[in-house]
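This report concerns only the one structure given below.
FYI, it's all coordinate maths here, none of it is from the lab. The shown structure was predicted, so the numbers you read here are calculated from the model rather than taken from an experiment. Please note: Cβ atoms are built from the backbone with ideal geometry, for glycine as well, and neighbour counts cover all protein chains shown.
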């Protein structure tokens, strides 16, 4: 499994290299990068989530989904607390340390080492992650003491929320859709990994690597995001029961928690007058280092399990 994870990450970096080259050659602009982001958020990731719900109901899955949601909330609460305690008054670092990139980075790894069905168990993680980013994350970047409130309309109209609702309806009703629709959803879902990593490559193309590698604090941020928090989650997982469903759920949540910094940080930093370039560097640095750390975390999970 570790080898599978490693080679999947290498494949993802090939996609990132394509984005890097395309941007450097002037074939993709900053505006084009934003368009790719919109396709990811509003189309491909929702299709990934919906596809994971298109399946036959199995015994224990709904209770597993509920447990997964509780664990996701606990993991994100812990990661937010740990990051805020470590970085204190450094808003970009708090956000970067706390919130990973499971939708664009974690899902391909989960599919590669298990199956697309397991995405079913991390959909609550993706939902709660967005809520945490919108509330606590935005409050930190704005320098406010109180947590930002989210209008209910913003939650129920969010692409990930709509996708989960559609998926749950399909799953609970056992509704059989025409084959061409299922095939279309699956095809769009398969765009998620290439587009996400091309987007990361565009971030890399706008990064001064020499200056970035000289910023020692970036390594510390990456250490918290890629090692400290995943190791805490790994310890938490040891208290969970051992069976096939829980084993898949635990590994999926662990991979989601071990992913590099979520690329949303650059968007939010830009919106709320934080250092966007530095925020983007946390994404790039952690993504580069994750080629070592994620296989290592999965290896440790295999030993413990």
Of (i) -0.28, -0.37, -0.68, -1.17; (ii) -0.24, -0.32, -0.63, -1.23; (iii) -0.36, -0.46, -0.81, -1.18, the label for log10 I(q)/I(0) by the Debye sum over Cα atoms at q = 0.07, 0.08, 0.11, 0.15 Å⁻¹ derived from the coordinates
(ii)
Shape verdict for segment 125-238, please, from the Cα gyration tensor: rounded (a/c under 1.5), prolate (a/b greater than b/c) or oblate.
prolate
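Among 183-191, 127-135, what's the highest-first ranking by average C-beta atoms within 10 angstrom per residue?
Most protected by this proxy first, the peptides run 127-135, 183-191.
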To the nearest 500 deg cm²/dmol, what mean residue ellipticity at 222 nm is calculated for the chain from DSSP H runs of n ≥ 4 alone, each contributing -39,500 (n - 2.57), summed and divided by the residues?
-23000 deg cm²/dmol
Quick check on packing: order 79-91, 195-207, 250-262 by the mean number of other C-beta atoms within 10 Å, highest mean leading.
250-262, 195-207, 79-91
Cα convex hull of segment 28-114 - mean projected area over all directions, nm²
8.1
Per-peptide average of other Cβ atoms within 10 Å, ordering 35-44, 218-227 highest first
218-227, 35-44
